[in-house]
Structure formats: structure tokens, C-alpha cells
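Heads up: the structure comes next, in C-alpha cells.
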């Protein structure tokens with residue numbers, strides 16, 4: 001299953017990137033985010049590995065995130081692996097105007113086991129969750145006082 005979503009953010013590219021690249025902001029815009037622990041490498045750099053934990057309605061989901069590609073301010077790609085499968089995520093940021101940034105994200109899911117079977121029934125649910133997270137990020141960036149999102 002593959003999904004592509006984009007959103008326009010009323011903020012300059014530098015502000016958007018700083019907010020996105022700050023792991024302390026994850027819990028502010030990812031609804032079920034619980035914690036992030038670096039396992040190896042320099043945080044956020046290509047090759048770094050982190051453990052991401054999400055508390056989804058009382059069930060802990062643990063993902064192993066590996067940063068696969070990075071071009072500061074413009075591009076970040078990673079894989080997320082769990083018992084449910086593997087997701088490849090690509091984030092692209094484009095300056096459209098001095099104060100408008102387009103964020104486009106692509107997600108490619110390769111589910112395993114029961115999740116693979118069940119995934120055909122909930123692509124809309126996954127999309128809604130991604131859109132909701134992106135809206136929270138947009139709101140965070142657009143409403144924070146100068147510098148607090150960074």
C-alpha cells in the first residue's frame with residue numbers, strides 16, 4: 001500500500017525544517033507518540049537508528065527507525081520496522097513563497113502476517129491518521145511564538 005499526502009504550511013522553509021527536525025517536537029504533533037531512544041549513530045543523520053514508541057490506546061507499538069537519506073531543509077527519508085512490517089517514508093519540503101512551505105510525504109507499507117491481510121480494510125484510516133498528524137504539525141508551526149517550534 002502506498003500513500004502520498006501534501007500540505008501547505010504558512011511559515012518559511014527554515015522554520016518548518018527546524019520544527020520537523022527537532023525530536024522534542026514529535027509528541028506535540030504525532031498523536032500517539034510516547035518516546036524516542038537513539039540506538040546508534042548521530043541523531044537524525046543518515047544511518048542513525050532510533051527506537052520510536054507509540055502508545056496506541058493502551059498497546060505499545062515499537063518501531064525501529066533508520067534514517068536512509070537526508071538533505072537539510074528539503075528532504076528526509078527513513079524506514080520504520082516493526083513486527084507488523086516495514087514502512088518507507090519520504091518527506092520533501094519546498095519553499096513556495098517567502099512564508100509558504102509545501103510538505104509532501106510518501107509512505108510505502110509492506111505489512112506482514114495478519115496486518116497484511118487486515119491492511120486492505122483500513123487504508124482510509126491510515127491516511128486519516130497521517131493527515132491528522134500533518135495538520136497538528138502545521139498548527140504547531142503556525143501558532144508557536146517565534147522560535148519555540150525550533
| How do 79, 64 rank when sorted from fewest to most other Cβ atoms within 10 Å of their own Cβ? | 64, 79
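Rounded to the nearest 0.05, what FRET efficiency do residue 72 and residue 24 have when you use their Cβ-Cβ distance and R0 = 25 Å?
Working: r = 18 Å, r/R0 = 0.72.
The calculated FRET efficiency here is 0.90.
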| query | How far is the Cα center of the range 1-24 from the Cα center of the range 34-83, in Å? | reply | 16 Å
| task | State the dimensionless ratio Rg/Rh of the range 1-87 (Rg: radius of gyration of Cα atoms; Rh: Kirkwood radius). | result | 0.96
| said: Report the rotationally averaged projected area of the chain based on its alpha-carbon convex hull, in square nanometres. | reply: 8.6 nm²
| task | Using only Cα atoms, find the angle between the long axis of helix 123-143 and the longest principal axis of the chain, and express it within 0 to 90 degrees, rounded to the nearest 10. | result | 30 degrees
| What is the order of 74, 80, fewest Cβ neighbours within 10 Å to most? | 74, 80
| field | Cβ-based exposure ranking for 130, 52, in which fewest neighbours within 10 Å come first | value | 130, 52
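For an R0 of 25 angstrom, estimate the FRET efficiency from the Cβ-Cβ distance between residue 97 and residue 4 and round to the nearest 0.05.
Here the calculated transfer efficiency is 0.70.
For n ≥ 4 DSSP H runs only, could you compute -39500 (n - 2.57) per run for the chain, divide by its residues and tell me the 222 nm figure to the nearest 500? Numbers along the way, then the final one.
Values: 4 runs with 40 residues, N = 150.
One gets -8000 deg cm²/dmol as the mean residue ellipticity at 222 nm.
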| remark: Scoring the range 2-143 by relative contact order with C-alpha pairs under 8 Å, at least six apart, yields a percentage of 29 percent
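Read-outs throughout are calculated quantities, based only on the coordinates presented, and are distinct from any laboratory measurement. What you see is a predicted model; the values in this text were computed from it and never measured. Neighbour counts run over all protein chains shown; Cβ positions are idealised from the backbone, glycine included.
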